[in-house]
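Down below is the structure, laid out as structure tokens.
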Amino acid sequence: MAKQNFGMPNMQQMMKQAQKMQKQMEEVQAKLDDMTVTATVGGGMVEVVASGKKEVKSISIKEDVVDPEDIETLEDLVLAAVNEALRQADELNQQEMSKVTGGLPTGGLF
């Protein structure tokens, strides 16, 4: 008597698909390390470059914004630029991962 799976996918087939997806996700993670996003604030006075893996790669500060009497403004600009760069990196990460997952939620795994 033949086994019936009542429309349920073959477990071996599901495992192969999961392994393929895992490999694709690893490739995307490696690709994200080479991708960068750039955020500028203060009319270009502060620029932050971050990788797709949310690592800050560089911070550039224009000389004009450096005022020893107003360190707080500089700190605010740097903070805003870093936060924006990390937000953009997160968005890039989600876009690239959704190409692999087909938009399925990853549960914060990446």
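Summing charges over all other residues whose Cβ lies under 12 Å from the Cβ of Val56, with Lys and Arg as +1 and Asp and Glu as -1, gives 0.
Within a straight-line Cα-Cα reach of under 13 Å, Lys57 can be paired with the following aspartates and glutamates, leaving aside sequence neighbours fewer than 8 residues apart in one chain: Asp33, Asp34, Glu47.
Values quoted throughout were computed directly from the atomic coordinates according to the rules given, and no laboratory measurement underlies them. Computed from a prediction, not measured in an experiment: that's the story for all the values here. In this analysis, Cβ positions are derived from the backbone assuming ideal geometry, glycine residues included, and neighbour counts consider all displayed protein chains.
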